[in-house]
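What follows is a single structure, written as structure tokens, with notes after it.
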Amino acid sequence: MTVAVIGAGWAGLACAIDLAAAGERPLVLESARQPGGRARGVELNGQTLDNGQHLLIGAYTDTLDLMRRIGVDPKTVLRRHRLFVASPELRLALPALPPPLDVAAGLLLARGAGWGEKFRAVRAMKTLEAAGWSAPPQQTVAGWLAATGLAGSVLARRLYAPLCLAALNTPLEAASMAVFARVLGDSLGAGANAPGATDYLVAATDLSTLFPAPAATWVATHGGEVRTSARVRAIARQGQGWQIRLDDAAITADQVVLAVAPQHAAALLPDLPAAQEIRQQLATYRYEPIATVYLGLPADTGLSRPIVQIDGPSADDAPVWVFDRAPLGNPGVLACVISASGPWQTLSEAELAQRLLEKARPFLISKGVPSNSAPILAWQRRIVETRATFAATAGLPRPERITLAPGLHLAGDWTWAPWPATLEGAVRSGRRAARAVLANH
């Protein structure tokens, strides 16, 4: 059986790994010059950085499983930290207690939040747990915060809103509470059966080295192939199989997995009734940007914690997560992640960098001690993915099936409902597509 996987992002690579492990010889076609999609390493200012800073969490069980399979030890390439929030208003850290006591204790012991909102937050979490970590399809996260009495609170501004933006990349006023509830359930609410699900997993290497590059190598050494600079133009039925047209050639396959971003999927779907339904769904999607702003500081300058949360660059911008990249071999480099659209988009790169540096100033250390003055910014670089993810809005239609015709399957984070656009959602969707291929053998 010949299987073509279109797209070498984390979904396509996950699919190819499981297919190769089952004895198949998948051909992965990627339009870019390297695998990894929106989570890969890039060369900037003479250093290996990433095209966007990502944070994994302990609940990413499928991602961690595949890393082990391809010979990447998560304990070596990921730094595990208990969930904490270090921000101008809130200090929160989960204590070393068994779940779910750790979450309740972390909320109650948080500094900066009043007792009333702490108890309301614990009650809100218990209510979500009783509902099976679900919410009405049309409810927004902003609506949920208002209903629980948390709207406008420190916990809303510094915990729930930043977590929602980091996971869903969608403003609270539009973000789906059903999707956010599932994220909270799989992390904060994972319970005793999944210890460490809430932990931050901070990469100790660039993203390409973390997964895409070793995944492509593993697939190749197990009989498959990952072909880069291979742009697919069309997919069409050919007999009992499929023809895949590239810029300079056409290939045939018994089965095809389309593992591309939703904004690219519609153009590649063949003319089939089931595909038309997907196109209609995709026509309702809108997309949100993510910016990673790199700040180049003296090599002995960093953050007091591996990750901190600072105010947005302007009053109407959401809080920004800042990562110290020294553990990745980039001393003096901070990565500031801005999720979703906002006033920050009107700022020049230089102005945005200066504002972020000033906001990060209270968390800076130099030679291991707090820095009394903002260091000189040696360089900055803003990387913006203008359509980084689909907006996980309330009521957004998601595919109800991934096999559109015999031998034609979908993968990608947008197909893994009810999760938002995350690396784990992409990996899980790819593994599901591999199971569909093998079942259709």
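All of the numbers you see were taken from the coordinates with simple rules; none came from a lab. Computed from a predicted model, the values in this text were never measured in an experiment. Every residue, glycine among them, receives a Cβ derived from its backbone with ideal geometry; neighbour counts consider all protein chains shown.
Each label was represented as a point 7 Å from its Cα along the Cα-to-Cβ direction; for residue 271 and residue 441 these points are 3.5 nm apart. In sequence order, the stretch 207-215 has phi-based couplings of 5, 4, 5, 5, 8, x, 5, x, 5 Hz under the Karplus curve 6.51 cos²θ - 1.76 cosθ + 1.60, θ = phi - 60°, and Gly or Pro positions carry x. Dividing the convex hull volume of the alpha-carbon atoms in the chain by its residue count gives 141 Å³ per residue.
Centre-to-centre separation between the Cα atoms of the stretch 321-390 and those of the stretch 210-234: 33 Å. With the simple spin-label model, which puts each label point 7 Å out from Cα in the Cβ direction, the residue 228 to residue 316 separation comes to 4.1 nm. Estimated from helices alone, the mean residue ellipticity of the chain at 222 nm is -9000 deg cm²/dmol (sum of -39500 (n - 2.57) over DSSP H runs with n ≥ 4, per residue). Packing around the peptides 130-139, 28-37, taken as the average count of other Cβ atoms within 10 Å per residue, puts them in this order, highest first: 28-37, 130-139. Most tightly packed first, judged by the mean number of other beta-carbon atoms within 10 Å of their residues, the peptides 383-395, 170-182, 408-420, 338-350 read 408-420, 170-182, 383-395, 338-350. Couplings 3J(HN,Hα) for the stretch 133-142, derived from phi with the Karplus relation 6.51 cos²θ - 1.76 cosθ + 1.60 (θ = phi - 60°), are 6, 10, 8, x, x, 8, 7, 8, 5, 4 Hz, where x marks Gly and Pro. Between residue 73 and residue 134, the C-beta separation translates, for a Förster distance of 45 Å, into a calculated FRET efficiency of about 0.80.
On full extension, the segment bounded by residue 237 and residue 345 gains 34.6 nm, given 0.36 nm per residue less the C-alpha separation.
Subtracting the Cα-Cα distance of residue 280 and residue 2 from their residue separation scaled by 0.36 nm leaves 97.1 nm. Applying 1/(1 + (r/R0)^6) with R0 = 45 Å to the Cβ-Cβ distance of residue 89 and residue 249 gives a FRET efficiency near 0.20. About the centre of its Cα atoms, the chain shows a dipole size close to 480 debye [charges on the beta carbon of Lys, Arg (+1) and Asp, Glu (-1) only; nearest 20 debye].
Highest average first, the peptides 243-252, 297-306 ordered by how many other beta carbon atoms sit within 10 Å of their residues are 297-306, 243-252. What the phi angles of the stretch 312-323 give under the Karplus curve with 6.51, -1.76 and 1.60, with θ = phi - 60°, is a coupling list of x, x, 9, 4, 8, 8, 6, x, 10, 8, 10, 10 Hz, glycine and proline written as x.
Give me the distance in nm between label points sitting 7 Å out from Cα along the Cα-to-Cβ direction at residue 111 and residue 96, one decimal. A separation of 2.0 nm, rounded to one decimal place.
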